[in-house]
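Below is one structure, written out as structure tokens; the observations come after it.
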Amino acid sequence: MRRHALVIAALGALVALPAAGLAKGPTMPTEAQQQEAVARVAALGVPIYEAGNQGKYVALTFDDGPGPYTGKVMDELKKYGFRSTFFVNGKNFASWSDTLRREGREGNVGDHTWSHHYLPDLPVSQQISEVSRSMTASSGITGDRVQIFRPPYGSTTSPLNSWLQSKGMLGVLWSTDSRDSLGAKREEILRLSKEGVKPGAIILLHENRGQTYWAVNRLLPWIKKQGYTAVTVPELLALNPPDLAAVKRRAGVGVGFR
């Protein structure tokens, strides 16, 4: 009987091992898998608004940094084991280069132009310069390739989209706007962000605003409680690949687009 009990106990311990491993959280895709996932969508030459609709993963994205609140926001993300994407402006790099490096280590850095101009008002050559100048400077500081881009105010042009496509860069918009850049009060920012949480969502935030920081401090534990994990955009695309035909439709392009 004693030998039988020992065998049962040993088997029980073996069964428990996978569960213990799962407690560490989901396995994230490798860097190569993330780059491949981004390239797959970037080849379409149109921006993306959201990923697929499977899996409890969401991308929180922060624009216009780095700046004085960026580190605080990253501290909060780290508490919950979350990662996010930061769409940065090159004009801020000189003052916040160490913060930019941290963004690259603990999240993902995307391009948001050098000086945050409304791109359709600029000549095409200047549109490209705004992106390439910031992208080159970011890579020089972080050592990482920049593969995603968000246009200021969400406004881009066809020539710029074609240039981005030629560089293998993906334009990233959003499925939910927290309206923090439009002056929304902190309670509204929190409410809109919560309402936008769904599989594959990409939520627009701006970290260098006091009201956004207040909302994020309350949003992150809520996301965790709902069983979601906040990941970077490249991670989201690898974990939850979007249907390419759906991406084209959302961008207003027919399935036969080339």
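General remarks:
- Taking 1.567 mPa s as the viscosity and 4 °C as the temperature, the Stokes-Einstein diffusion coefficient of region 100-198 based on its alpha-carbon Kirkwood radius rounds to 87 µm²/s.
- Dipole of the chain [Lys/Arg +1, Asp/Glu -1 at C-beta], most positive-end residue of L220, S181, V88: L220
- Charged-residue dipole, Cβ positions (Lys, Arg, Asp, Glu), region 80-145 about Cα centre, Debye nearest 20: 180
- Debye, to nearest 20: dipole size of the chain, +1 on Lys, Arg Cβ, -1 on Asp, Glu Cβ: 860
- In Å, descending, principal axis extents of the Cα set of region 31-250: 45, 41, 32
We did not get these values from a lab; they are worked out from the coordinates using the rules stated. Here the structure is a predicted model, which is why all the values come from computation and not from measurement. Cβ atoms come from the backbone with ideal geometry, glycine included; neighbour counts cover every protein chain shown.
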